[in-house]
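The block underneath contains the structure these notes are about, expressed in structure tokens.
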Amino acid sequence: MESFDLLIRGGTLVDGTGAPRQQADVGVLKGRIAAIGDLSQAAAENVIDAAGLIVAPGIIDPHTHYDAQIYWDPYCTNSGWHGVTSVVVGNCGFGFSPCRASDRDLYMRMMENTEQVPIDAMREALPWNWETYPEWIESVKAIPKGVNIGAFLPLNSLMIWVMGYEAAKTRPATEEERAEMRRLLHEAMDAGAIGFGFSYLQEYNSHKDVDGSPMVTDAMEAEEAFNLARVLAERQEGIIQALVEIGPETAANRAMLEKLAEISGRPVLHTVVSPDERYPGRHRDVLKWLDDVTARGLNIYAQALCFRFMPMAFVVDAYDGWQAEPILNEFQHPGGGDTIDARVAKALDADYRDRLAAATGLPSFADVRRMILIDAAGSEQFTPFVGKSFEEIASVTGVRPTDAFLDLCAETRLSCEVAPPPMVPDAEDSIEINIHPRVLPGTSDGGAHSKFWAGGQYGTDLISWLVRDLGRIELEAMHHKLSAVPAEALCWADRGTIAVGKAADIMIYDFNELGVATSAYEIAYDLPKQDWRRVARQKGIRWIMVNGQVTFMDQDCTGKTPGHLVGPATTRELEAAE
């Protein structure tokens with residue numbers, strides 16, 4: 001009689017390959033799929049009755065910023081709640097290693113400024129028991145993990161380590177410095193890195209450095225990235241992630257990705273493709289480009305930011321998402337500094353008020369006229385208008401909508417809470433993007449922007465929206481895109497599908513109930529030092545397992561931490577052990 005550690009009986013298996021669903025049992029032994037089929041005569045230490053439920057591979061979240069959060073949240077929630085079993089960190093060139101002790105506070109301030117990870121939480125939780133990248137890898141290996149972690153070597157960190165902060169921001173690297181960066185990338189990948197990540201958007205990036213200037217890699221010579229791509233070609237392993245395009249102004253940067261793919265011969269992840277209300281249909285240009293480069297033999301994927309967004313909400317003082325809009329960045333970072341007093345003074349400045357009132361062409365997420373008042377922070381004048389837009393408030397009070405917004409900011413010293421109009425992407429655009437064979441669903445940005453955003457629910461949202469509610473994408477195709485395609489792009493041969501020999505990363509759910517638990521974010525006081533964040537919990541997922549161990553039953557965490565570091569180095573270690 002066959003015997004397993006865990007047996008999943010009677011479920012509807014959607015295995016991630018795109019093959020039609022089937023009724024099948026799944027046997028798990030030593031963290032891997034050991035058998036699939038009729039296992040009614042088998043024995044197991046633990047049995048899950050999955051009758052009436054979908055059994056599918058865990059979701060792979062390829063674009064997160066859980067670099068800090070993994071130190072206080074082993075499950076990388078929101079992602080870990082929503083069937084995500086593997087996440088990737090080090091994206092966009094941001095991370096904490098390599099880092100000299102003298103630069104630790106700089107790196108944390110950079111992470112706060114670019115990704116809005118609260119600095120007090122980082123100062124409380126990060127052990128800083130590393131300087132080099134291999135030392136950081138050992139630190140991550142040692143901590144409990146409820147999900148698998150893949151990690152890029154962040155190029156901002158690498159350039160600062162080799163060149164020094166001021167030099168990295170002001171000049172190209174020397175040949176000696178480039179040789180050292182190549183050596184350190186080899187060292188990082190020997191230790192466990194999956195490749196390297198960076199952003200290259202010049203002044204167009206909303207990610208700004210602590211002084212408001214472009215990040216190191218946004219201002220670098222393209223040769224710094226080409227230099228490292230040669231390492232991947234030499235090793236014949238690894239991948240590259242690059243944020244190079246956020247609008248028509250940066251579309252020419254795609255040529256850089258083509259050269260990276262040509263030099264390295266490796267997968268390149270283009271970030272990001274998304275519906276854009278300012279440029280309707282622009283995503284089709286990106287999709288056509290993907291078709292063209294694929295036909296030329298270049299291995300390029302695009303990461304999608306494209307699911308049914310929940311309403312964004314933010315406390316004005318805690319929000320730093322207007323940096324790409326100059327008129328609002330001026331409010332966030334006034335010339336006299338970004339203290340509350342300086343920003344209140346800017347809100348009351350007559351010249352600034354006139355210029356903001358005259359500003360046109362702002363996207364909906366940045367147009368304060370259309371912002372909805374969520375919390376008036378005790379203002380007697382504005383509390384009656386909670387739930388109203390500033391346009392509606394202005395129609396009653398007789399002032400300009402922008403003046404109403406600035407008056408509230410000044411009165412509450414920026415402690416008021418507002419929300420842009422709900423962003424609901426066009427369903428047809430979302431279908432076009434998510435079904436494209438070279439697109440990876442999911443740019444959750446997990447771990448970042450947690451005072452106003454959560455994206456880790458993208459997988460459950462896409463299934464409930466485009467598959468169940470609209471019936472426009474087959475469930476088998478969606479799971480293929482959520483797990484197998486990211487695994488292929490990341491070169492993780494042992495994950496992404498439910499097949500014999502693969503790692504047992506699995507989600508089991510009720511198709512009719514699956515989704516996001518509420519229509520608005522909850523507030524959770526679960527950051528270090530009892531700080532708060534916005535969260536979006538799941539409904540309908542009955543079990544989540546990572547490497548064969550159950551991490552969640554319904555919404556209850558089991559406390560198991562079976563997560564691994566995933567990458568070329570760990571694959572080699574497993575092969576050697578076998």
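Just so you know, all these numbers are worked out from the coordinates, no wet-lab data involved. No experiment lies behind these values; they were computed from the predicted model shown. Here Cβ is always computed from backbone atoms with ideal geometry, including for glycine, and neighbour counts include all displayed protein chains.
Assorted remarks:
- Listed peptides 15-24, 82-91 appear in the order 82-91, 15-24 once ranked by packing, highest mean of other Cβ atoms within 10 Å at the front.
- Stretch gain in nm, segment residue 386-residue 124, where the contour uses 0.36 nm per residue and the Cα spacing is subtracted: 90.8 nm
- Candidate lysines - alpha carbon under 25 Å from residue 145, same-chain residues fewer than 8 apart omitted: 30, 451, 481, 502, 529, 539, 560
- For residue 477, the shell of other residues with beta-carbons less than 15 Å away shows a net charge of 0, using +1 for Lys and Arg and -1 for Asp and Glu.
- Amide H contacts of residue 201 (H built 1.01 Å from N, under 5 Å, at least 5 apart or other chain): 218
- Cα Rg over Rh - the range 314-419, Kirkwood: 0.92
- Projected label distance in nm at residue 351 and residue 555, using a 7 Å step from Cα toward the beta-carbon: 5.2
- Gap separating the Cα centres of the range 364-424 and the range 519-562, nearest whole Å: 33
- Counting other Cβ atoms within 10 Å as a rough exposure proxy, the listed residues 553, 507, 159 run 553, 159, 507 from fewest neighbours to most.
- Neighbour-count ranking [beta-carbon atoms within 10 angstrom, fewest first] of 352, 107: 352, 107
- Charge dipole magnitude, Cβ of K and R +1, D and E -1 - the range 314-419, Cα centre, debye nearest 20: 200
- Extension gain (nm, one decimal) between residue 3 and residue 46, 0.36 nm per residue minus Cα-Cα: 14.4 nm
- Extension gain from residue 176 to residue 202, taking 0.36 nm per residue of separation minus the Cα-Cα distance: 6.9 nm
- Projecting the Cα atoms of 17, 436, 116 onto the charge dipole of the chain, computed from C-beta unit charges around the Cα centre, puts 17 farthest toward the positive end.
- Neighbour net charge for residue 180 - beta-carbon separation under 13 angstrom, K R +1, D E -1: -2
- Each Lys or Arg adds one and each Asp or Glu takes one away; over the other residues whose Cβ falls under 15 Å from the Cβ of residue 486, this sums to 0.
- 10 Å binning of all Cα-Cα separations within the chain, expressed as whole percents from 0 upward: 3, 17, 28, 27, 17, 6, 2, 0, 0
- Test item: Cα-centred dipole of the chain, Lys/Arg +1 and Asp/Glu -1 on Cβ, debye: 660
- Per-residue packing, averaged as other Cβ atoms within 10 Å, sorts the ranges 283-294, 46-57 into the order 46-57, 283-294, beginning with the highest.
- Highest to lowest packing among 65-77, 251-263, scored as the average C-beta count within 10 Å: 65-77, 251-263
- Think of the chain as a dipole: +1 on every Lys or Arg Cβ, -1 on every Asp or Glu Cβ, centred on the Cα centre; then among 316, 82, 524, 82 lies furthest on the positive end.
- Rounded to 5, percent antiparallel among DSSP beta bridges of the chain: 50
- Cut-off 16 Å (backbone N to label point 7 Å along Cα→Cβ of residue 474), residues of the range 1-35: 13-23
- Sorting 532, 130, 492 by the number of Cβ atoms found within 10 Å of their own Cβ, with the fewest placed first, yields 532, 130, 492.
- Distance from the range 306-358 to the range 1-23 (C-alpha centre basis), Å: 52
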